[in-house]
Every structure is written in structure tokens, then in C-alpha cells.
Amino acid sequence: MSSKFKPIQRSEVEHWDAQVDVLVVGFGAAGACSAIAAHDSGAKVMIVEAASDAGGSTALSSAELYLGGGTRVQKAVGYEDTADAMYDYLMMSNAPQASAEKTRRYCDESVEHFDWLVEQGVPFKDSEYPGRAMMALTDDCLLFTGSEKAWPFKDHIPAAPRGHNLYVEGDNGGPLFMKIMAEAVAKRGIEQRFDTRVLKLIVSNEGSALRVCGAVIRQDMQEKFVEATKGVMLCSGGFVMNEDMVKQYAPELLKASVPIGNPNDTGSGIQMGMSVGGAVINMHEGFVSLPYYPPATLTYGILVNAQGQRFINEDAYHGRVGAACLRQVGGPVYFVMNVEDYEGYETQSYLGSPIGGTGETVDELAAELSLPDGQLQNCIETFNRFAKEGQDPLFHKDAAWLKPLEPPLVALDCTPGNGTFYPYFTLGGLDTTVDGQVLTAGGEVIPGLYAAGRTACGVPRRGDGYASGSSVGDASFSGRVAGLHIAKS
């Protein structure tokens, strides 16, 4: 933690430049939803943002929202999802570090949260996006955005799509979501300050207990003191843009290629929370993607490591596959496929992987890839033998994506660091209660301090268990929940 975030005592404040009930730090999904919820519960709110406009990392995303349990859209297109099925999936995919309490509330109140977003003006079309894709580029809503239909999850939990895309064409959900939420904040008359950075927290000692009662902000090159009688809400994102923090807490992520977030995802909110005794958890974890679909046909291929062996079922979610690729050691990672399944790659894919080799025979391809003698040949022979029968006993890829690999073959070089697009962001943050109150390492609540979104450690906790929409879903939900609680504190 940097010493520059060391808090100051209330007794050092000669005068308050502003006084509110709740000071919200950060104007992304979490900050917007917490500000709205706190205001609607009767609190006087100020929201400050380091950038020149609202948006945060949410505005840079697709803004899919991972919601379920029987939303209006799920019912309209014929899915009978339940809160229990959603809970079971999220707990299994985020095990062993999943939070049962946070996940339970998120699932139980998922439909309510969907309806609340609709009330704010967020539009969703009652339709499902057909096929396998990372995002819906049409204006359709519902999409499978995790590994719900892939092994091992499909063997234990009824699969249902829970990725809710906004009613807008193209990858434009994030800007639309934040435009709507910013308008909802503005129409309530909530005070907003842009180009304003929070420097440190202000604390008071009530007996032996420390309480957060405000913050020092810098606006127009001047430091100002803001009193927050009910508390400060930290919603300033994760730490993916702080290379020093990533090196310290999550160095494995640096094997990936491109940090995903906004320039202010520097961990400042996390460090401010730490400066007053807040505990951080799950800091080693992050989302990593191998965005190999579209085209969906690449799913017919197989991923092999330096030993010429498969290591995952290729019909899993691209984040689960990306995490598995980063774990391979000692050499390259190749995506081997039929030439016919490669056809759409150069015009449709985000992957950016160079061709590692081609072959009119398996032997020729293995030689071009410099894989150990016989290994790739044995791997493909075994795969093909079972694929002809619609089976994959080793990795349990769904029969819908099984077909033999028949030369000519092509292999994409997906080795981390060789040009493949491996985007990543962090999943660790301040430890909080289900209501967003920041906790010490001993599990005690720090009065007056809350955190939500990626500043806190929320529902999504594993890169290999992540589902698209988990962050915006969790950020908007945790922000709203924390906003309700701080207003009533």
C-alpha cells in the first residue's frame, strides 16, 4: 500500500468544503447504482469521478449482465431457470473461494435486480441470440455466456442462458448502459463532480473505534474536504492498470497480453480501504480470455500443449479456456483444426493468433510444430476414434462439437506471448459484508466505509469459472445493495 493514501484525522480538518450523507467514489456501474439507491432511500449523495464523464470500465464493456432465476426474458423465450440452479452453477464455477452468502443473495434477488434496471430505463429485448458467440452483435438479449452447457457443469446443474445483452445492435451495450444510468443520476439532482480525484480518507476515533467520515478530494488543482456523515462508498474499479500491484498480487496475469479496463483502474480505492485497516482477499485471481469464437467452428478443433496433448474440453467458455492455456508450462499451445473449420477465422475472430503450422498429414503438421515424436499422432488418433462415436471420454466435449480431424490440418499458435490476444482483468479486492461494509482482517466492520464492484471482492472469484456479465451484473447489484444499506445506516 502506498503511503500517499495514509488517512488524515478529522481533527486536522479546519473546515468542510462540502457536507453530504454519502460520498460515492467512482461513476461506473457500481457507483451509479449505489448513488441512485442511496438517494432514493433518502440520503444526500455526492458522486465524484476522476475522468471527465461517467462510464468507468462498464462503458468500455459489452455490459452483458449475468442474471437469472427466471427473468422476464428467460421466461419469454422458454427457459425455466431457478435461483437455486443459478446459485449452484456460480458456487461450483467459483469454488473453492466462492462466497456462499454473496452468491445466495445475488441469485435470490436477481429477478428483482433485473426489474429494477428496467425501471431505470435499461432496455432488454425478449429474444435469444442463436449460436455460440462471446457477445450478441444483434439486438437480441439472452446468450449463454459461461460454461453452463459444458462439462463438468452440465452433468450437475440444469443449463440456462443468463447473459442479458441490452437492446442495441453491435458491441454497444456498455456506452448505452452508462448513458442510461448517468441520466438516472442526473434527473435525481445528485451532485456530480468530474475531473475530481479522491486522495485519501478522513477518519475519526469514536472511543477505541475508527470511523470513516469523509475524504480529501482534488478538484481544479485544489484540495477540498468533503464530510460524509453516513460514510464513503468506494466504487473505483480494480487494479489491472497498476502494474506494480499486479506484479505484487497477481503476477500470473502478466503472462496474458492486454489489460482490460479504464486508465483509472489503478487500485486506488483498494489502497484507500487498506489504509484504514481494510482487508483484501482473492488478489491473485483474474479473468483471462482466449477469444477464439467467433467463428464457432473453431470449437471443433483441439487445443494441445508442448507434449502434443489436450488439456481441456474446447466447448467451454473462452475465459475458462484462456485460464487453462495460461497454466500450460514448458512450451507452446496450439489450436489444431480442419482447414474447413478455419475458414472464417481471418475475418471473424478477435484472437490474433498466427498460424503455427499446416500439414497434408498429421505427421507433417507434427513436424512443423516440432512436437515430440508420436504424441500429436496418438492424441489425434484417440480423439478421432471416439469422435466418430460422438464421445470424448477424456475431456467430455459435447457431442455437438465432436467430429474427426481429417487432413489437411492447420494449427494456430496460441502460446501466451506469441501474439495471441489474451485480455485480462483482476478479480480481487476489499473484503466486504454482503451489504458492502468493508471488513478488517479480523472480520470486524469498519464503520462508515463501503465498497462495491471490482473495488470489492464480490461474486466472480475465479478466472476459470468466470461468465461474461458477472462483473457488470455483480457491480450494479453490489452497488445498489450497498447504497441501500449505507443510506439506512
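For residue 82 and residue 488, a Förster radius of 30 Å and the Cβ-Cβ distance give a FRET efficiency of 0.50, rounded to the nearest 0.05. Here the Karplus curve 6.51 cos²θ - 1.76 cosθ + 1.60, taken at θ = phi - 60°, turns the phi angles of region 294-300 into couplings of x, x, 4, 5, 5, 5, 5 Hz, with x standing for Gly and Pro.
Taken along the Cα-to-beta-carbon direction at a fixed 7 Å, the label points for residue 220 and residue 327 span 5.4 nm. Mind checking the angle between helix 375-387 and the chain's longest principal axis? C-alpha axes, 0 to 90 degrees, to the nearest 10. Tilt relative to the chain: about 90 degrees. In a DSSP loop and with at most 12 other Cβ atoms within 10 Å, there are no trypsin sites (Lys or Arg not before Pro) in region 1-52. Separation of region 289-310 and region 47-88, taken as the distance between their Cα centroids, equals 28 angstrom. Would you work out what percent of the accessible area of the chain, with all protein chains in place, is carbon or sulfur (probe 1.4 Å)? Carbon-and-sulfur percentage of accessible area, whole number: 49.
Just flag the chymotrypsin sites (Phe, Trp or Tyr not before Pro) in region 275-371 sitting in loop per DSSP whose Cβ has no more than 15 other Cβ atoms within 10 Å. Each step should come with its number before you reach the end.
Numbers: sites: 287, 292, 300, 311, 317, 334, 335, 342, 345, 350; in loops: 292, 311, 317, 350.
Here the chymotrypsin sites (Phe, Trp or Tyr not before Pro) that fit, given the DSSP loop and packing criteria, are 350.
Of the residues 141, 123, 309, the one whose Cα sits farthest toward the positive end of the charge dipole of the chain, with +1 on the Cβ of Lys and Arg and -1 on the Cβ of Asp and Glu, is 123.
Would you list, by chain and number, the lysines whose Cα falls below 18 Å from the Cα of residue 154, excluding same-chain residues fewer than 8 positions away? Straight-line reach from residue 154, under 18 Å: 397.
Just to verify a number: FRET efficiency for residue 40 and residue 243, C-beta to C-beta distance, R0 = 41 Å, to 0.05?
On the way: r = 39 Å, r/R0 = 0.95.
That gives a FRET efficiency of 0.60.
Sorted by average packing, counted as other Cβ atoms within 10 angstrom per residue and highest first, what order do 17-25, 80-88 take? The partial results should precede the final answer.
Numbers: 17-25: 23.9, 80-88: 18.1.
Packing order, densest peptide first, comes out as 17-25, 80-88.
When peptides 178-191, 415-428 are sorted by average Cβ neighbour count within 10 Å, with the highest value leading, the order is 415-428, 178-191.
Taking Cα atoms only, the orientation of helix 318-327 departs from the longest principal axis of the chain by about 80 degrees. Compared with the alpha-carbon gap, the fully stretched path from residue 156 to residue 347 is longer by 65.1 nm at 0.36 nm per residue.
Each peptide in 369-379, 402-412, 140-150, 477-487 was scored by the mean count of other Cβ atoms within 10 Å over its residues; highest first, the order is 477-487, 140-150, 402-412, 369-379.
Relative to the first principal axis of the alpha-carbon coordinates of the chain, what is the inclination of helix 83-93, with its axis defined by its Cα atoms, in degrees from 0 to 90 and to the nearest 10? In the chain, helix 83-93 runs at an angle near 70 degrees to the longest axis.
Find the accessible area per residue for the chain; the probe is 1.4 Å, ligands and nucleic acids are left out, and the unit is Å².
Numbers: 18400 Å² over 489 residues.
Ligands and nucleic acids excluded, the figure is 38 Å² per residue.
When 156, 164 are compared by accessible area at a 1.4 angstrom probe, the order from most to least is 156, 164. If the segment from residue 53 to residue 391 were pulled out straight at 0.36 nm per residue, it would be longer than the present Cα-Cα gap by 116.5 nm.
Using just the helices of the chain, give the 222 nm mean residue ellipticity in deg cm²/dmol: DSSP H runs with n ≥ 4 each add -39,500 (n - 2.57), and the total is spread over all residues, rounded to 500.
Values: 14 runs with 136 residues, N = 489.
Rounded to the nearest 500, it is -8000 deg cm²/dmol.
Defining a contact as two alpha carbons under 8 Å apart and six or more residues distant in sequence, what relative contact order in percent does the chain show? Relative contact order comes out at 23 percent.
Checked against a 23 Å cut-off, the cross-linked pairs 125/187; 149/388; 44/224 give Cα-Cα distances beyond that limit for 125/187.
Heavy-atom accessible area for residue 16, with the other protein chains in place and a 1.4 Å probe, reaches approximately 60 Å². Within the shell of other residues whose beta carbon sits under 15 angstrom from the beta carbon of residue 341, the net charge comes to -3, with Lys and Arg scored +1 and Asp and Glu -1.
How many angstrom lie between the Cα centre of region 90-142 and the Cα centre of region 205-230? With region 90-142 and region 205-230 each reduced to a Cα centre, they are spaced 35 Å. With each label modelled as a point 7 angstrom along the Cα→C-beta vector, the residue 418-residue 363 pair spans 2.3 nm. Summing Lys and Arg as +1 and Asp and Glu as -1 over all other residues whose Cβ lies under 9 Å from the Cβ of residue 474 gives a net charge of +2.
Are there trypsin sites (Lys or Arg not before Pro) in region 348-446 that DSSP marks as loop and that have at most 13 other Cβ atoms within 10 Å, and which are they? Intermediate results must be reported in sequence, preceding the final value.
Numbers: sites: 385, 388, 397; in loops: 388, 397.
Loop-located and lightly packed - 388.
The values are calculated or read from the model by the stated rules, or taken from the named source; none is laboratory data. For clarity, every value in this text was computed on a predicted model and none was experimentally measured. So basically every Cβ, Gly included, is an ideal-geometry build from the backbone, and we count neighbours across all protein chains shown. The protein model used for the area step is the full one, side chains on, heavy atoms only, and it has no ligands, DNA or RNA in it. Shrake-Rupley method; radii C 1.70, N 1.55, O 1.52, S 1.80 Å.
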